[in-house]
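Colleague: Dumping the structure here so I can ask a few things about it.
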Amino acid sequence: MKWEKDIYENVRSGITELLILHLLCERDMYGYEIRSTLTERTRGAFELKEAALYGPLYRMSSRGLISSRKELVGEKRFRVYYHIEEEGKQYLAYGESQIRFVFSGILNLMDGKD
């Protein structure tokens, strides 16, 4: 159906940054690693295309939530690793509390609880 994509994107759009930050709390990661880990750990609920990953990474970098560094892989190829900064950890903590609060309320409503 036409609206399925709209709902899919609306539900995921604000959460993507928080999920990426959550992964970066565990260790520094490069783009493909973030994408594949996100897909695996969410059991396919979050499958990002490459282009959909780099927008949030650039936005978070410009806001000082994450930083990046290039590492040489092989003889001529570089890999960009992303690292969560202290500001990103604070952002993540607040975001996670808001997600838990909002989704708890949503589940109450959907389950017919008062």
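Colleague: Can you name every residue in the range 72-89 that is part of a loop (DSSP other than H, G, I, E, B) and either of a type in the set (A, V, I, L, M) or within 19 Å of Leu18 (Cα to Cα) (or both)?
Modeller: The first filter runs over the range 72-89 and keeps only residues part of a loop (DSSP other than H, G, I, E, B), leaving 74-76, 85.
Once the filter is applied, which keeps residues that are part of a loop (DSSP other than H, G, I, E, B) and either of a type in the set (A, V, I, L, M) or within 19 Å of Leu18 (Cα to Cα) (or both), the range 72-89 yields only Glu85.
Residues checked against (1) out of contact with any strand residue (DSSP E or B) (no Cβ under 9 Å at 6 or more places or on another chain); (2) of a type in the set (Asp, Glu):
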| position | (1), (2) |
| --- | --- |
| Lys5 | yes, no |
| Glu17 | yes, yes |
| Gly31 | no, no |
| Ile34 | no, no |
| Arg43 | yes, no |
| Leu48 | yes, no |
| Ala51 | yes, no |
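Conditions tested, residue by residue: (1) within 24 Å of Ala93 (Cβ to Cβ); (2) surrounded by 17 or more Cβ atoms within 10 Å (Cβ to Cβ); (3) touching a Pro at 6+ places or on another chain (Cβ under 9 Å); (4) at pLDDT 90 or above.
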| position | (1), (2), (3), (4) |
| --- | --- |
| Lys5 | no, no, no, no |
| Glu17 | yes, yes, yes, yes |
| Tyr32 | no, no, no, yes |
| Leu57 | yes, yes, no, yes |
| Ser62 | yes, no, no, yes |
| Ile66 | yes, yes, no, yes |
| Lys70 | no, no, no, yes |
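Colleague: Follow-up. Can you confirm whether Glu87 is modelled with pLDDT of 95 or more, touching a Lys or Arg at 6+ places or on another chain (Cβ under 9 Å), closer than 26 Å to Arg100 by Cα and surrounded by fewer than 17 Cβ atoms within 10 Å (Cβ to Cβ)?
Modeller: For Glu87, the condition - modelled with pLDDT of 95 or more, touching a Lys or Arg at 6+ places or on another chain (Cβ under 9 Å), closer than 26 Å to Arg100 by Cα and surrounded by fewer than 17 Cβ atoms within 10 Å (Cβ to Cβ) - is met.
Colleague: Out of all the residues in the range 100-113, is one or more touching a helix residue (DSSP H, G or I) at 6+ places or on another chain (Cβ under 6 Å), of a type in the set (A, V, I, L, M) and not in a loop (DSSP other than H, G, I, E, B)?
Modeller: no
Colleague: Got a number for residues in the range 58-86 being within 20 Å of the chain's Cα centre (by Cα), over 14 Å from Asp28 (Cα atoms) and hydrophobic (A, V, I, L, M, F, W, C)?
Modeller: Total satisfying the criteria: 1.
Colleague: Identify the single condition in (1) surrounded by 11 or more Cβ atoms within 10 Å (Cβ to Cβ); (2) free of Cβ contacts under 8 Å to residues at least 24 places away in the same chain; (3) within 20 Å of Lys89 (Cα to Cα) that Leu21 does not satisfy, given that it satisfies every other one.
Modeller: (2)
Colleague: Right, Ala45: among the aliphatic types (A, V, I, L, M) and assigned to a helix (DSSP H, G or I) or not?
Modeller: It is false that Ala45 is among the aliphatic types (A, V, I, L, M) and assigned to a helix (DSSP H, G or I).
The values are calculated or read from the model by the stated rules, or taken from the named source; none is laboratory data. Owing to the predicted nature of the structure, the values given are computational and were not obtained by experimental measurement. We place every Cβ from the backbone using ideal geometry, glycine too, and count neighbours over all the protein chains shown.
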